[in-house]
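First the structure, in the form of structure tokens, and then the observations on it.
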Amino acid sequence: MKVETLTKKEKWNVTKGGNICTPAGFTAGGLHCGIKRKRKDLGWIYSSVPANAAAVYTTNQFQAAPLKVTQESIANDGTIQAILVNSGNANSCTGKTGLENAYSMRKAFADKTDLAEHKVAVISTGVIGEQLPIEKIEQGVESISAIASIVDSTAFEEAILTTDTFTKNICFHMQIDGKTITMAGAAKGSGMVHPNMATMLGFVTTDANINQNALQQALKEVTMDTFNMITVDGDTSTNDMVLVLANGMAGNEEWQQNDLGYQKFKEGLQLVCQSLSQQIARDGEGATKLIEVHVKGAVTVLDAQVIAKTIVGSSLVKTAVYGEDPNWGRIVNAIGYSGIRVDTNEIQLKLGPIQVVHKGMPAPFSEEEAKHYLKNEKIEILVDLFAGDQKATAWGCDLSYDYVRINASYRT
């Protein structure tokens, strides 16, 4: 097949029941190794062949040891064949011993899968500042049997959770010239979620054949519009990352960055990452509602992004949504302190279908109708700046009493 034959007709469709094991050549699983008291805390993904790898990482200056080891693995030749993840312990701010433990974790899984160590990525999430119980992880790895044939995506999704209340996954597929390209994702994230890269882990598997440099570029571009557009509480963690593996087993010709196939691939990656981002935002610690902020009419995309993230990150906006209070003044206030210059005499603001501000002034609306709208599980805030033609969307959640309760007792 020549990639030039691709047209706009090829579309990504949701794969019902699909998961990270659905793309050809991928297996996954999870188990309890003893880091947590009862719940699963060790998960893995395995590709039957080396996969081109791309990753983006937290911007927190205190990057945890596993991130450094994984970056080293990918830098070797751009491919990864296995991922090992533990939850319950972040292995962050743990010094030389923590780095040694991250290497030991990588070696244990490399030995188990009969791979070179640089073919393994390792990730940890959980409590910061405590040494990783490496013996428990090594024993857990040793207890795994038939890694290449275990297809238990649910166990993997459960093993990576911390304060999450539900697992997060999505899968899409597309037919191209008789070949099926599949892309799937799994993620964790509930608290300490804020751009850029937050307390969240994202894993994407695909059987697409795509050049490694093109894969990295696609992930970088998509992340800006998805994972970097969510916030729960304004905190950015030390550990977190998104990792994509593309093993090429679908059999399409390798896509380069200038190919039409690259654009189709990026569309699929956008769909996967956007779905995972929305699921993370909805699962914010103590959250009862998903907040989706649309900003249009901006001079630049960055302007729209900053304003959208400022609104969805405002504690006052979050609490108003939780309390089902149509206090639009809090939204206008957030726009005003976003740092983006706007014409306050032009702004239009809606809560869902209800216009509450027109040309910067209060618009007549039914308080009762607005309160009724805010009872929905998904709340949309729409802002039109009437200054340009650029737009952006951000996702977050409300702020409830349970957020304080969960975080006040996180280590206990």
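Table for the structure above
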quantity	calculated
Residue match in region 214-230 (condition: buried (at least 24 other Cβ atoms within 10 Å of the Cβ), under 30 Å from residue 37 (Cβ atoms), in contact with a Ser or Thr (Cβ under 8 Å, 6 or more places away or on another chain) and at pLDDT below 85)	yes
In region 298-339, the residues that are in contact with a strand residue (DSSP E or B) (Cβ under 8 Å, 6 or more places away or on another chain), buried (at least 17 other Cβ atoms within 10 Å of the Cβ) and of a type in the set (Val, Ile, Thr)	307, 311, 312, 317, 321, 331, 332, 335
Every residue from region 181-210 that is open to solvent by 10 Å² or more (accessible area, probe 1.4 Å) and modelled with pLDDT under 95	192, 194, 195, 196, 199
In region 264-300, the residues that are of a type in the set (S, T, N, Q) and assigned to a loop (DSSP other than H, G, I, E, B)	288, 300
Residue within region 83-97 that is open to solvent by 20 Å² or more (accessible area, probe 1.4 Å), without any contact (Cβ under 8 Å) to a residue 40 or more places away in the chain and either under 27 Å from residue 37 (Cβ atoms) or in contact with a Gly (Cβ under 9 Å, 6 or more places away or on another chain) (or both) present	yes
Region 112-171, residues that are hydroxyl-bearing (Ser, Thr, Tyr), closer than 29 Å to residue 95 by Cβ and either open to solvent by 70 Å² or more (accessible area, probe 1.4 Å) or free of Cβ contacts under 8 Å to residues at least 24 places away in the same chain (or both)	143
Residue list for region 148-161, restricted to those being under 25 Å from the mean Cα position of the chain (by Cα) and over 16 Å from residue 185 (Cβ atoms)	150, 151, 152, 155
Hey, residue 145 at pLDDT below 95, outside any helix (DSSP H, G or I) and within 24 Å of the chain's Cα centre (by Cα) or not	no
Within region 57-91, tally of residues that are in contact with a helix residue (DSSP H, G or I) (Cβ under 7 Å, 6 or more places away or on another chain), among the small types (Gly, Ala, Ser) and part of a loop (DSSP other than H, G, I, E, B)	1
Filter pass, residue 108 being under 19 Å from residue 126 (Cβ atoms), at pLDDT 95 or above and either surrounded by 21 or more Cβ atoms within 10 Å (Cβ to Cβ) or not basic (Lys, Arg) (or both)	yes
Residues of region 35-55 classified as open to solvent by less than 20 Å² (accessible area, probe 1.4 Å) and either part of a strand (DSSP E or B) or in contact with a Pro (Cβ under 8 Å, 6 or more places away or on another chain) (or both), total	9
Residues satisfying the stated conditions in region 275-297, i.e. more than 23 Å from residue 334 (Cβ to Cβ) and either over 17 Å from the mean Cα position of the chain (by Cα) or surrounded by fewer than 20 Cβ atoms within 10 Å (Cβ to Cβ) (or both)	275
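The values are calculated or read from the model by the stated rules, or taken from the named source; none is laboratory data. Computed from a prediction, not measured in an experiment: that's the story for all the values here. All Cβ positions, glycine included, derive from the backbone under ideal geometry; neighbour counts span all protein chains shown. Accessible surface is based on the protein model in full, side chains and every heavy atom, while ligands, DNA and RNA are left aside. Shrake-Rupley method; radii C 1.70, N 1.55, O 1.52, S 1.80 Å.
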